[in-house]
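The values are calculated or read from the model by the stated rules, or taken from the named source; none is laboratory data. Computed from a predicted model, the values in this text were never measured in an experiment. Here the Cβ is made from the backbone with ideal geometry for all residues, glycine too, and neighbour counts use every protein chain on show.
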Amino acid sequence: MKLPHNAHVAVADGNRFMFLKNTGQIFEPKLEMVEQPDLDPSNFSAGVRHQDDVSQRTGATDLNELAHGAAVAEWLNAKAVSGEVTQLLVLADPKTLGEMRRHYHSALEKALVGEIDKTVTGEPLDKIAKIIADT
């Protein structure tokens, strides 16, 4: 995947969020940590869609994880609206990515250079860069 130089990368799952920057070249990304924001998940709107008792009991749906995904999207929205983020790649597990998409602002959608639905939050930055380059 092409990742423009100085593009930002959001790596998220239901519990963790890393905000990175590509300091490498377009086909050879080199990721640098910008910050790991401590978010306060307060948007539990996913609960309206996930009121299925069976999913709740089997652990298939965790509203706290979905709220974290919404909080990540809201944080990224603020960065895109303010102009701090103009090019963004999002890497998130499928469930978190799906929840994030529901909350994307149009400014964030315009800044997106791509999305990868893969869980990589526990991986070192050089491995995440390789996953991006190989996608």
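Some points to look at:
- Among residues of the stretch 1-26 that are touching a residue at least 60 places away in the same chain (Cβ under 8 Å), those with a beta-carbon under 6 Å from a residue that is of a type in the set (S, T, Y) at least six positions away or on a different chain give the pairs M1/T135; V11/T121; A12/T96; D13/T96; D13/T119; D13/T121; G14/T96; R16/T121.
- Selection count where residues are in contact with a Leu (Cβ under 8 Å, 6 or more places away or on another chain), in a loop (DSSP other than H, G, I, E, B) and not charged (D, E, K, R), scope the stretch 112-135: 1
- Candidate set: the stretch 109-135, residues that are farther than 16 Å from H8 by Cα and among the hydroxyl-bearing types (S, T, Y); chosen: the one farthest from the chain's Cα centre (by Cα): T135
- Among all residues of the stretch 15-22, there is at least one that is in contact with a helix residue (DSSP H, G or I) (Cβ under 7 Å, 6 or more places away or on another chain), at pLDDT 90 or above and closer than 11 Å to A71 by Cα.
- Residue, surrounded by the most Cβ atoms within 10 Å (Cβ to Cβ), within the stretch 13-39, restricted to residues that are in a strand (DSSP E or B) and touching an Asp or Glu at 6+ places or on another chain (Cβ under 7 Å): L20
- The stretch 121-130 - residue that is modelled with pLDDT of 95 or more and crowded, with 17+ Cβ neighbours inside 10 Å and, of those, farthest from F27 (Cα to Cα): L125
Per-residue answers, yes or no, for (1) among the polar types (S, T, N, Q); (2) at pLDDT below 95; (3) in a loop (DSSP other than H, G, I, E, B); (4) within 15 Å of H8 (Cβ to Cβ):
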position	(1), (2), (3), (4)
V48	no, yes, no, no
V54	no, yes, no, no
A60	no, yes, yes, no
N77	yes, no, no, yes
E84	no, no, yes, yes
L91	no, no, no, yes
T96	yes, yes, no, no
A107	no, no, no, yes
